[in-house]
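Below is one structure; the comments refer to it alone.
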Amino acid sequence: MSDLSPFFRKMTGAVVLGVNPPVHDFTFFDLWAKPLGLLFLLGFLRRQGNRVYLADCIFEGRTGELSFGRNAVKKTEIPKPACLASIPRRYRRFGLGEEDFRVLLGRFPAPDFILVTSMMTYWYDGVFSCIDTLRQVFPGVPVILGGVYARLCPEHAKLSGADMIQTEPMDLDFSLPATDLYRGLRYGVLATTFGCPFRCEYCASRLLEPTYRRRDPALVTEDAARQLSSGEVRDLAFYDDALLAGKERHLFPLLETLNERYPGIGLHTPNGLHVREIDDGCAEMLKKSGFQTLRLSFESSDPEMQHRGSDKTSDEEYLAALAALRKAGFSDRQLETYILAGVPGQSVRSVERSIRFVLEHGGKPRIAEFSPVPGTPSFEEAAVSLPALRDEPLLSNKTAYSAYLAGTMSPGELQVLKDMAKAGMAG
């Protein structure tokens, strides 16, 4: 285990290239996805007197515009890894292809250090490919690997070819991210907090950020202002795991400021909101502030599953939140409700009941396929029946795990659940 914070504090006068790798997976969708941790680190290093650059293979691989500032992303079919060969789905590289990546790298000055980030543990194949290319284009330049995969799978990450690996929470002044390194970005990303106050059995938030803490409100406001000042950005996505916790003192003043300075911007919550926090006053504030899409973290109507999710919601609280949001003027098409599927010990019948519950009350369910996250209780439970999970992160792939590898449900059963939810989404 290693914490490179002291190393980064001493770094000055260097040319630093940050890289967001391509994604190798069955599916990928731009749900306002940006490497915020890498951007915070690049912002810190720039304030230390370094010259920083960014090569984002996903952003640079965009092929068209989608709603709310998002983009369609280039996809190229590639061979499936051996352990996923039996999955009857096409496997793709999302983002820049190999040659286009090399062309992009040729636009930057020779770096003194290269920082590669990582997200999903089962996306490591794209990370490895990226590092291999960087080695060829910039031979001898130290490569430092960080991010979610590196943190959660530190031993496996040693196979990446990186010279150094950041595996601990960083103790650095992450005040403002270097989001200005993008050109042509049509949406901004914002985090008002780090970590989460809950301890859900299937989530790694507390492993990645052991201490739940709020960012200085003045810095959050400056962060938002910097991203919106270009005039190109008209949408902001909040990355918080618990956006509404302490909302009256923390979020609401920020929203008032944004509403006053930047009327007409669209706000979004790709992470699920805790419905317990949504009353009439909260719903009115969200509507007044310009939220265009809200995702509600309901997850299950099964009491046992609700308990495994830190008892952060109940059927009654979900219905109260839905009623408050409708009363405030949100349309059903603006509201989606996350329903978990494939968690160890969760029956297909339980997922079906949850979907029907949401549909019966006019909600729009969206299936969130379970992926075992190393270090969580749910991962340990999953590894009992599939021990190979401990050595091969690719087996945690959300498309492959529940329906094809773990046997928690059949592919047909999962498709029935998706069709049931999709019919409600289209209604």
- Message: Taking semi-axes √(5λ) of the Cα gyration tensor in Å straight from the coordinates, which label in (1) 33, 28, 20; (2) 59, 24, 19; (3) 34, 24, 20 is the correct one?
- Response: (1)
- Message: Ignoring everything except DSSP H segments at least 4 long, calculate the 222 nm mean residue ellipticity for the chain; use -39,500 (n - 2.57) per segment, divide by total residues, nearest 500.
- Response: -9500 deg cm²/dmol
- Message: Taking the alpha-carbon distance from LYS74 and a cut-off under 20 Å, which aspartates and glutamates remain once sequence neighbours fewer than 8 residues away in the same chain are dropped?
- Response: ASP25, ASP30, ASP56, GLU60, GLU65, GLU98, GLU99, ASP100, ASP125
- Dipole of region 285-427 (Lys/Arg Cβ +1, Asp/Glu Cβ -1, origin at the Cα centre): which of GLY329, PRO303, ALA382 lies farthest to the positive side? GLY329
- So what does log10 I(q)/I(0) come out to for region 245-326 at q = 0.13, 0.19, 0.23, 0.26 Å⁻¹, using the Debye formula with one equal point on every Cα and no solvent? -0.43, -0.84, -1.12, -1.31
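Roughly speaking, to the nearest percent, how much of region 261-376's 1.4 Å accessible area is carbon and sulfur? Could the numbers behind the result be given before it?
Working: 2010 of 4330 Å².
Its accessible area is 46 percent carbon and sulfur atoms.
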- Item | Inter-part distance where region 318-371 and region 378-427 are each reduced to a Cα centre, Å | 18 Å
- Which links in LYS288/LYS327; LYS34/LYS75; LYS34/LYS287 stretch past 23 Å when you go from one Cα to the other? LYS34/LYS287
- Kindly sort TYR122, TYR404, TYR202 by accessible area of their heavy atoms, largest first, with the probe set to 1.4 Å. TYR404, TYR202, TYR122
- Task: Might you tell me the accessible area per residue for the chain, computed with a 1.4 Å probe and given in Å²?
- Result: 41 Å²
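Could you tell me whether region 1-71 comes out rounded, prolate or oblate from its Cα gyration tensor? Rule is a ≥ b ≥ c as square roots of the eigenvalues, rounded for a/c under 1.5, then prolate if a/b exceeds b/c, otherwise oblate.
Values: a/c = 2.79, a/b = 2.07, b/c = 1.35.
Here region 1-71 falls in the prolate category.
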- Item | Heavy-atom accessible surface of region 57-182: percent carbon and sulfur, 1.4 Å | 53 percent
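Packing-wise, with mean Cβ within 10 Å as the measure, how do 333-342, 181-190 rank, highest first? If you can, show how the numbers build up before the last one.
On the way: 333-342: 21.1, 181-190: 18.9.
Those peptides, ordered most packed to least, come out 333-342, 181-190.
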- Message: Using alpha carbons only, how many angstrom separate the centre of region 151-168 from the centre of region 53-112?
- Response: 22 Å
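GluC sites (Glu not before Pro), restricted to region 71-156: which are DSSP loop and have at most 15 other Cβ atoms within 10 Å?
On the way: sites: GLU77, GLU98, GLU99, GLU155; in loops: none.
Sites meeting the loop and neighbour criteria: none at all.
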- Task: For LYS422, go through the lysines and keep the ones whose alpha-carbon is under 20 Å away, minus same-chain ones fewer than eight residues off.
- Result: LYS364, LYS398
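The values are calculated or read from the model by the stated rules, or taken from the named source; none is laboratory data. No experiment lies behind these values; they were computed from the predicted model shown. FYI the Cβ positions are ideal-geometry reconstructions off the backbone, even for glycines, and counts take in every protein chain you see. Just the protein is used for accessible areas: all its heavy atoms, side chains included, with ligands, DNA and RNA removed. Shrake-Rupley method; radii C 1.70, N 1.55, O 1.52, S 1.80 Å.
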